[in-house]
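The values are calculated or read from the model by the stated rules, or taken from the named source; none is laboratory data. All figures in this text were calculated on a predicted structure; none of them were measured in a lab. Note that we place each Cβ from the backbone using ideal geometry, even for glycine, and neighbour counts take in every protein chain shown.
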Amino acid sequence: MTDLTPGTWALDPTHTAASFTVRHAGISKVRGQFTDVTGALTVGDNGENLSFDVSLKTASVTTANEDRDNHLRSGDFFDAENFPEITFVSTKVTDDKLVGDLTIRGTTQEVELSFEYEGAATDPFGTYRAGFTGQTTISRKEFGLTWNAALEAGGVLVSDEVKISVEAEFTAPTAA
C-alpha cells in the first residue's frame, strides 16, 4: 500500500457503508446499516503501519422498517440513548486481516475482519481516495445484545450470529 500518503485520512461517509445481516425466525435474513459514520485512517511512513478508528451512531440504524428500527434503538438492543456510539479501533493490520477492539453497549471485544485494500485513485474533482472492505461475524450476546423471543415451533426470533460488512472510502490528507 505504498501508494497511500502518510498522515490522517478522513472517512468519507457518503461513500462508506457499515451494514449487518442477522437471521430472522430461522427462515430469512434482516439487513440493516448505520447511516451516520465517522472515522479516520492513519497511514505511517512509506504507506505502512495503517490504523483505523471508526464510530457509528446507534440512532442512525436503519432496516427499512420504522418499528424494527425503533426497537433496535431501544434498551432491548443498542440502547441509543445511553450508548450513542459503536466504535472500532484497530490494533493490527495485515494484508488480509484487520484486528481491533469493537465496542457495543459499553462492552469491548477483540474482533478480526477479513480485509481487502481495494486501491487508490484520484477522482474527477482532484481528491485522492482509498477504498477498503472488511467482513466479520460476531456473537451479539457477547456485546450484551440478548433480547429475543421464543418461537412457537421452537427456536428464537433473532439469531445470535451477526454478519458485519464494511465498505469504506477515505480521502487523503491535504497539504497545509
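Of the residues Lys97, Lys57, the single one that is touching a Phe, Trp or Tyr at 6+ places or on another chain (Cβ under 8 Å), basic (Lys, Arg) and more than 18 Å from Leu145 (Cα to Cα) is Lys97.
Of the set (1) of a type outside the set (D, E, K, R); (2) under 18 Å from Leu50 (Cα atoms); (3) touching a Lys or Arg at 6+ places or on another chain (Cβ under 6 Å), all apply to Val162 but (2).
Does segment 139-157 hold any residues that are among the hydrophobic types (A, V, I, L, M, F, W, C) and either within 20 Å of the chain's Cα centre (by Cα) or within 19 Å of Thr35 (Cβ to Cβ) (or both), and which are they? Result: Phe143, Leu145. Whether any residue in segment 157-170 is within 30 Å of Gly44 (Cβ to Cβ) and among the polar types (S, T, N, Q) is what I want to check. There is at least one residue in segment 157-170 that is within 30 Å of Gly44 (Cβ to Cβ) and among the polar types (S, T, N, Q). No other residue among Arg105, Arg140 is touching a helix residue (DSSP H, G or I) at 6+ places or on another chain (Cβ under 8 Å), surrounded by 14 or more Cβ atoms within 10 Å (Cβ to Cβ) and either closer than 26 Å to Thr2 by Cα or of a type in the set (Lys, Arg) (or both) apart from Arg105. Of all residues in segment 104-130 being under 15 Å from Val93 (Cα atoms) and free of Cβ contacts under 8 Å to residues at least 60 places away in the same chain, which is farthest from the chain's Cα centre (by Cα)? Here the residue is Glu118. In summary, Gly32 fulfils each of the numbered conditions (1) among the small types (Gly, Ala, Ser); (2) within 17 Å of the chain's Cα centre (by Cα); (3) over 20 Å from Val166 (Cβ atoms) with the single exception of condition (3).
Scanning segment 5-35 for residues that are closer than 15 Å to Ala168 by Cα, part of a strand (DSSP E or B) and in contact with a helix residue (DSSP H, G or I) (Cβ under 8 Å, 6 or more places away or on another chain) yields a total of 1. Of all residues in segment 36-45, those that are touching a Leu at 6+ places or on another chain (Cβ under 9 Å) and either more than 26 Å from Thr5 (Cβ to Cβ) or not in a strand (DSSP E or B) (or both) total 2. Pairing residues of segment 38-64 that are over 20 Å from Arg129 (Cβ atoms) and among the charged types (D, E, K, R) with residues that are modelled with pLDDT of 95 or more and in a strand (DSSP E or B), at Cβ distances under 8 Å and at least 6 apart in sequence or on separate chains, gives Lys57/Phe34; Lys57/Val37; Lys57/Glu85. Being in contact with a Lys or Arg (Cβ under 8 Å, 6 or more places away or on another chain), farther than 25 Å from Ala172 by Cα and of a type in the set (Phe, Trp, Tyr), is that true of even one residue in segment 57-78? Yes: segment 57-78 contains one or more residues that are in contact with a Lys or Arg (Cβ under 8 Å, 6 or more places away or on another chain), farther than 25 Å from Ala172 by Cα and of a type in the set (Phe, Trp, Tyr). Does Gln135 count as under 19 Å from Arg23 (Cβ atoms), surrounded by fewer than 18 Cβ atoms within 10 Å (Cβ to Cβ), in contact (Cβ under 8 Å) with a residue 24 or more places away in the chain and not hydroxyl-bearing (Ser, Thr, Tyr)? The answer is yes for Gln135.
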